[in-house]
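What follows is a set of notes on a single structure, which appears directly below.
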Amino acid sequence: MKKLLTGLFVLAAALPAQAEEITYAKHIKPVWEDQCGRCHDSSAPTYEVYMADPKKYDADDKGPRMDTYETLVFFLNGEKEAGALMRRLDDGANAKDGQAGNMYRHLGRSEKRKENLQLFKKWVGEDAWTTKKTAELTKDDLQKIKAPR
Ligand code: HEC
């Protein structure tokens, strides 16, 4: 198994770098800072604290903290809230009821909003993008998620 993994790593390293890999550090974090930070930054409660009294924080326009790679991907492939990021940011095109997620509007105005959604989709992986509920996500769905640092 170890050998196989090493082999895979060597293979991956040998592949030509994708022309435009969307990474958290280079692409997502700056958009996040502009559009999401004021309500989800380090002044916002951690997920556990938020969950203890959501209404209190909602009234203050504070959602759960997601100001690092780890705390953001918790809402992507973490056990408790997998898929939340996609469901909340989706423009409705992927949803059964055609309704956009309630964080979609925070992605920016008109064209910018579409561009930023596209950026998040590319980062997650376009064929991984889904609005399935956490409990409906299969292992396969979760494995498709890329979200490079
Ligand atoms: C004006 C404040 C505000 C902005 C800006 C904002 N959010 Fe939120 N967000 C909230 C609040 C409050 C909640 C909790 C209430 C709810 O679930 O709708 C929340 C909830 C969420 C959740 C669900 C968390 C969970 O518990 O499952 C995600 C994911 C999320 N936001 C992502 C984002 C992203 C990504 C952005 C930027 C594009 C963003 N939000 C911008 C206030 C905001």
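Only the coordinates and a few stated rules stand behind these numbers; no lab work does. Bear in mind that the values here come from a model prediction, so they are computed numbers and not experimental data. As a convention, Cβ positions derive from the backbone with ideal geometry for all residues, glycine included, and neighbour counts pool all protein chains shown.
Structure data summary
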read-out	value
Backbone N under 13 Å from the R88 label point (7 Å along Cα→Cβ), restricted to the range 94-120	101-107
Helix-only [θ]222 nm of the chain, DSSP H runs n ≥ 4, -39500 (n - 2.57) each, per residue, nearest 500	-13000 deg cm²/dmol
Inter-label distance for E79 and E33, nm, one decimal - labels placed 7 Å from Cα along Cα-to-Cβ	3.3 nm
Area projected by the alpha carbon convex hull of the range 20-144, averaged over all directions, nm²	7.9 nm²
Size of electric dipole in the chain: Cβ of Lys, Arg +1 and of Asp, Glu -1, about Cα centre, debye, nearest 20	220 debye
